[in-house]
1. Pick out the one residue from Gly170, Gly181 that is of a type outside the set (Asp, Glu) and in a loop (DSSP other than H, G, I, E, B).
2. Look at Ser18 and say whether it is within 16 Å of Leu311 (Cβ to Cβ), within 16 Å of ligand 1 (Cβ to nearest atom) and hydroxyl-bearing (Ser, Thr, Tyr).
3. List every residue pair whose Cβ atoms lie under 7 Å apart, where the two residues are 6 or more positions apart in sequence or sit on different chains, the first residue falls within region 56-70 and is touching a residue at least 60 places away in the same chain (Cβ under 8 Å) and more than 8 Å from ligand 1 (Cβ to nearest atom), and the second residue, located anywhere, is open to solvent by 10 Å² or more (accessible area, probe 1.4 Å) and assigned to a loop (DSSP other than H, G, I, E, B).
4. Got a sec? Which of Leu199, Leu209, Leu184, Leu136 is on the phi > 0 side of the Ramachandran plot, hydrophobic (A, V, I, L, M, F, W, C), open to solvent by 10 Å² or more (accessible area, probe 1.4 Å) and touching a residue at least 24 places away in the same chain (Cβ under 8 Å)?
5. Could you please find all residues in region 28-52 being open to solvent by 70 Å² or more (accessible area, probe 1.4 Å) and either at pLDDT below 95 or not charged (D, E, K, R) (or both)?
6. Out of everything in region 58-98 that is polar (S, T, N, Q) and within 16 Å of ligand 2 (Cβ to nearest atom), what residue ends up being most open to solvent (accessible area, probe 1.4 Å)?
7. What residue, of Arg189, Arg269, is over 26 Å from Thr115 (Cβ atoms) and assigned to a loop (DSSP other than H, G, I, E, B)?
8. Being modelled with pLDDT of 95 or more, part of a helix (DSSP H, G or I), open to solvent by less than 40 Å² (accessible area, probe 1.4 Å) and among the hydrophobic types (A, V, I, L, M, F, W, C): is that true of Leu111 here?
Amino acid sequence: MASVCTSVAAALTALSGSDFLSSADITAEQTAALLQLAIQLKQGERRIDLGNRVLGLIFTKASTRTRVSFQVAMARLGGQTVDLNPQVTQLGRGEPLEDTARVLSRFCDVLAIRTFAQQELADYAHWASIPVINALTDLEHPCQALADFLTMQEAFGDLRGQTLAYVGDGNNVAHSLMLCGALLGVNVRIGCPEGFEPLPGVVDQARSLAVHGAQVSVITDPVEAVRGAQALYTDVWASMGQEQEQAEREQAFQGFCLDEDLLAEADSRAIVLHCLPAHRGEEISAGVMEGSSSRIFDQAENRLHAQQALLAALLGGL
Ligand code: CP
Ligand code: NVA
């Protein structure tokens, strides 16, 4: 046990003071170590008290899981969270980001930000003198991916050589799954209709980061995408900010519902994942969501453990 803790700490010490804006911001070794630490925290093998550190949450989009899991993670680390929703701060009245980021850096120890443009997140990171965490942008959802692969690791042990098939929109969640999966040696297949593929630059980046021969592929046939996979994953067809495209997307994604027929094409031990919130009868059938293969609520819980590990590393608590 001691040697496991020592090797995890050695891998994560370099993250102290860093930002986490993308799944690609950390190394393969650090990604695996974060999952290891998350498991230790979840199983009660590690307790970390950071003293009274403060996390500021700036969320310009709705959130249940990310907001609450960050709040609870910080409480478990002996710290606190301050809600800095733009509606209740001067941000909402136009105070410049560069002033806000510098002022908040004098009060808080770390910021978690949910917004639309990745560039806005990068601007916060530029102006802040404390770690900034991506709590979801239009480009990525890296905290989600940590919890997702933690859930897969719990199901299968060694992740290397396993295959995760994501069926749906090539969106922020798909991007972070490709990057994080590649760093963990997991084959990631994105099954999506033409016109809804992940960004080619992110696909290339994931391929360049891949370890242990992991393959990253984009496939337009959903059956081919899921065939033999150990984990099947989906997300909403219209993400936050795309609500006006809902009807058009429902047409485009016909055949991409994660239902019993698609599940039957996967590995017989396959688990089903969804980042939530879910729309039963659209991207996932009610039966698959509630069926015996679903690990969706374990996955939601794992947001807490993965983010607790991340906060401990970024705040130098190891
Ligand atoms: N999966 C996820 O990020 O959920 P929330 O939008 O509720 O935070
Ligand atoms: N792709 C979804 C994820 C929600 C957690 C969105 O951005 O709305």
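1. Residue meeting the stated conditions: Gly170.
2. In short, no.
3. Qualifying pairs under 7 Å: Leu57/Leu84; Ile58/Leu84; Phe59/Asn85.
4. Only one candidate passes the filter, namely Leu136.
5. Gln43, Asn52
6. Thr64
7. The match here is Arg269.
8. Working: modelled with pLDDT of 95 or more: yes; part of a helix (DSSP H, G or I): no; open to solvent by less than 40 Å² (accessible area, probe 1.4 Å): yes; among the hydrophobic types (A, V, I, L, M, F, W, C): yes.
No; evaluated as a whole, the condition is false for this residue.
The values are calculated or read from the model by the stated rules, or taken from the named source; none is laboratory data. In this text, all values refer to a predicted model and were calculated from it rather than measured experimentally. Every residue, glycine as well, gets a Cβ built from its backbone with ideal geometry; the counts of neighbours run over all protein chains shown. These accessible areas exclude ligands, DNA and RNA; they are computed on the full protein's heavy atoms, side chains included. Shrake-Rupley method; radii C 1.70, N 1.55, O 1.52, S 1.80 Å.
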